[in-house]
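Since every read-out is calculated from the coordinates, none of them should be taken as a lab result. These numbers were taken from a predicted model, which means no experiment stands behind them. Positions of Cβ are backbone-derived with ideal geometry, glycine not excepted, and every protein chain shown enters the neighbour counts.
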Amino acid sequence: MAWSSKIQPVATNPSSVTPASSILKPRGLELPIRRVLAVDAGSRCIRLLLLECYFGKLRVRRQEALDLQEEGLVSADELKAHMQATVAEWGRPSLALTLPQQIAVSQIVDLPPVPDAEARLLIEAETLKLGGVSESVMVYDFVRVPMHAENRQSFWVTFCQEGEIQSRIAQLGLDDQEFREITTVANALLTAWLAAHPGQSDAVLVHAGAQTTTLVVIRNGVGVFASSFPMAGDFFTRAIARLLHSNFQVAEGFKCSTNLLAGEKALTGFAEIVDGWAAELRRQLREWRGQPFDLPGDLIATGGAFEQPGLRDYLARHAGLKFQPWPTSSSPAALLPARGFEIALGAALQALGHSPQPASLLPVTRRVAWKKHLSRQRLEFLNALLLVVCFVALAVGLWQKLAVIQSKQALTDKVQAGFEVVQTNNALTRDLLKGYEALRPLFERQQATVDTLQSLALLQAARSNRSLWCVLIADQQSYFAQPSTLAGTNKTPAGAAEGEFAARRRDLTNASPARPGLIAELCVPEDVDAARSTLSLVVNSLKKAPVFERVDLLSEDLRRSLADAKVLLPGRHFALELDFVTTEFQASATRLSRPPSPARPPFKTLPPP
């Protein structure tokens, strides 16, 4: 596998990679009327766009730009309160958030022809290799793209740290909102372009905002490269302020109203600053191609930085970069946002499933929350349909009332016949349930066998590359059926010992702690700290398995001495209690959980060596 160009590494934990929801999976059934509020949050302006899908027809319902300085939103608390009030005013629709491109990576990955599942594993392994090591979870997504390379298949891959995503959400005060989609600026630009200009195969989209310049390269109608660099409108303003020896506000006013690159008011030294920006743009394009970049055609410019007077003319004359504004002639009238709302439109289109090259960075917790929200919406929609059907049925029933009265006797006979049929059906149902109850133990034992085999495989995997071994693996019923180890060294008469053993056996039989599951006894031949760490890693790895409902150390009062003493290490012998997840095959009595054992620190009371 090879990445199509150099990727800057993003830190991640190799054991913490979260795939997004759209990976090689079609979207599920949704309501015919949907709305999404796209949030394009820049450093100086927040753009909101409400897009509605009405039985397959898309329409921009509302759009608004919030200038943070004009609104007086200078503090984090003020911004959060204003965003929460704005979302509530707009009806609390589901949100689609765009992330700055500098915190994410989007690239083309070339793979040999392999099945989708294997492709996912290869991409995940490459993402981990490029990501480095960190405690932050990595969220990634990819989609197959047609590159038409012989014996190769290409994927558009996007990944980002979950911590960066959650921090962005918290910064905007939107933690309690329902998120339908989270994507990057580059992917949102790509989606908006492909939706409005499906026939234009080649383009380079350049968005110069306040802090960052983002570029997206499109070849043959496919996004093949995305990058960003921290030079944009504020970079030009700071340079003007330095050259004029003025403050930022004065320099911003000059930049927006005066052509500082040509004419009588040209500012000495400012042209070199613009040349540096153009050189960095060309360097980014060369980094993708690995060679001098020669673009056949114009570049598409978006963002407030390009509104500076004379900037595009200067770049065309002196840098050979011909920038054209975002074309609107071929865009549908219903999808024609105001200038500067292209990113918000792309995020909303992707959220509604109208993106040929989507890249979703929705974290797993918010993805689960959105699925629950979508399930509630479907249920409410079905309830509404059911209510309409009930009203129609009621109207029809009232209309037929006279006919029902006239045929009362005939209906009485039919009701009697129907009652007999119901009784027959109830009898058949009881017989069927009785037969199922007879088969339930078979299914329960089959499920226990499957769970046991999976548990053995998980235990084998957990001890790989670790200095430990299993001295005993037993099902809980067999394990707890054995007598407990009796403390003390004084001998008692044989008759008393047998009586005490019998009483203890009866007590254990009457209140057995056994549940569906296993008891695994381990030996860890390491010092105290290393043994604690190793045992903690084993328990954590087993807890992640869906076959277990509970994994914990077994209480000392429940231990049994069943393992051969020759394979035990004193002070390094531990017993793990592995409870299987309950299923419908188990009888209600066996599914009742025993009272929890007293709270104890599971890995902080290891005996000394």
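For the reader, a short list of remarks on this structure follows.
- Remark on segment 232-326: ratio of C-alpha radius of gyration to 2.2 N^0.38 Å is 1.12.
- Length gained on full extension, Ala481 to Asn383, computed as 0.36 nm times the residue gap minus the Cα-Cα distance: 30.1 nm.
- Magnitude of the charge dipole, segment 232-326, Cβ model with Lys/Arg +1 and Asp/Glu -1, debye to 20: 120 debye
- Net length available on complete extension from Gln446 to Asp175 is 93.1 nm, with 0.36 nm assigned per residue and the Cα-Cα distance removed.
- Per DSSP, loop trypsin sites (Lys or Arg not before Pro) in segment 35-101 with at most 16 further Cβ within 10 Å: Arg44
- Neighbour net charge for Ala186 - beta-carbon separation under 14 angstrom, K R +1, D E -1: -3
- Structure note, pairs Lys371/Lys543; Lys129/Lys543; Lys371/Lys434; Lys255/Lys322; Lys129/Lys371; Lys372/Lys434: Cα-Cα distances above 29 angstrom occur for Lys371/Lys434; Lys129/Lys371; Lys372/Lys434.
- Between segment 439-456 and segment 357-399, the Cα center-to-center distance that results, in Å: 36 Å
- Packing-based exposure ordering (other Cβ within 10 Å, fewest first) of Thr302, Thr424, Thr328, Thr191: Thr424, Thr328, Thr302, Thr191
- Segment 397-477: trypsin sites (Lys or Arg not before Pro) falling in loop per DSSP and having at most 10 other Cβ within 10 Å: none
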